[in-house]
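The structure under discussion appears below in the form of structure tokens.
The values are calculated or read from the model by the stated rules, or taken from the named source; none is laboratory data. Computed from a predicted model, the values in this text were never measured in an experiment. In this analysis, Cβ positions are derived from the backbone assuming ideal geometry, glycine residues included, and neighbour counts consider all displayed protein chains.
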Amino acid sequence: MGTIQLIDSIKPYPYKFDENDWDNPTGVQRKTELTIFRDCDTIPLLWQFRKGRPYLVATRSEFYDKYWHRHWFHKLSLKLYLHFGYGKVISALFARLNPYGELKPHVDGGKSVVHNHNIHIPITTNEECIFTVGNESENLKVGNIYEVDNTVEHSVVNGSSPRIHLIVEWYNPLPIRGRYEDYEDVHGEGGKYRIWKKR
């Protein structure tokens, strides 16, 4: 499998976003404590900060009822289930990368997000928005469902308009094997991080 795998296609997400919803405590915490996301606003649907346990479904947020379009998410879940042969949505959030924003090269370190499948569905994008995973660089298209290998270094540079992805953590029932390892300066900021490494 490549580091960016096209899984299937899906109709565009049917709801529009209220601008005020991007300014919420979860999004602020995510940008403040995980500074790699400082150019990225968030609307959480199912999300917990440092959830940890890969089998635990994250808590519904205040935005769940507003943005969880049941028919659309049912279609998405069915497509993912048919692809993997197992699973369910463990967490989900909308992430908006600001114009000319970037996510610097990094690897994901949480046990849950490393063990489970990392799914990206572009909601809006532009031709200048480039997602790089390992040695692959690609403009991810609206209407496609992708699995991204977040255990290798990845980054994003955006163009002149906001880019919104729905990011889904899809449950992986395989045994959880690996361990946390300590790293320094993962994001070039001198911090210390615990990174979950699968084996």
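Quick look at the values:
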read-out: Boolean, Leu78 is modelled with pLDDT of 95 or more, more than 16 Å from the chain's Cα centre (by Cα) and aliphatic (A, V, I, L, M); value: yes
read-out: Selection from region 1-41 of residues that are closer than 21 Å to Val152 by Cα, assigned to a loop (DSSP other than H, G, I, E, B) and hydroxyl-bearing (Ser, Thr, Tyr); value: Thr3
read-out: Residue under evaluation Ile167, criteria (1) farther than 18 Å from Glu33 by Cβ; (2) modelled with pLDDT of 90 or more, criterion not met; value: (1)
read-out: Hits in region 119-173 - residues which are within 15 Å of Ser9 (Cα to Cα) and of a type in the set (Phe, Trp, Tyr); value: Tyr146
read-out: Number of the condition not met by Leu34 [criteria: (1) surrounded by 15 or more Cβ atoms within 10 Å (Cβ to Cβ); (2) free of Cβ contacts under 8 Å to residues at least 40 places away in the same chain; (3) within 17 Å of the chain's Cα centre (by Cα); (4) over 26 Å from Ile176 (Cα atoms)]; value: (4)
read-out: Near pairs, Cβ below 9 angstrom, 6+ apart or cross-chain, from region 67-80 (free of Cβ contacts under 8 Å to residues at least 40 places away in the same chain and under 18 Å from Leu93 (Cβ atoms)) to any residue that is among the charged types (D, E, K, R) and part of a loop (DSSP other than H, G, I, E, B); value: Ser77/Lys88
read-out: Restricting region 118-141 to residues that are under 15 Å from Val157 (Cβ atoms) and of a type in the set (Val, Ile, Thr), the residue that is surrounded by the most Cβ atoms within 10 Å (Cβ to Cβ); value: Val133
read-out: Single residue of region 1-35 satisfying the filter (of a type in the set (A, V, I, L, M) and within 20 Å of Phe131 (Cα to Cα)) that is modelled with the lowest pLDDT; value: Met1
read-out: Top-ranked residue in region 167-186 [being acidic (Asp, Glu) and free of Cβ contacts under 8 Å to residues at least 12 places away in the same chain; ranked as surrounded by the most Cβ atoms within 10 Å (Cβ to Cβ)]; value: Asp185
read-out: Residues (modelled with pLDDT of 95 or more and surrounded by fewer than 20 Cβ atoms within 10 Å (Cβ to Cβ)) located in region 101-117; value: Gly101, Glu102
read-out: Elements of type strands (runs of 3 or more DSSP E) contained in region 129-183, each with 1 or more residues being closer than 23 Å to Gly87 by Cβ; value: 130-133, 144-148, 154-157, 163-170
read-out: Residue match in region 93-109 (condition: free of Cβ contacts under 8 Å to residues at least 40 places away in the same chain, within 17 Å of the chain's Cα centre (by Cα) and over 30 Å from Glu127 (Cβ atoms)); value: no
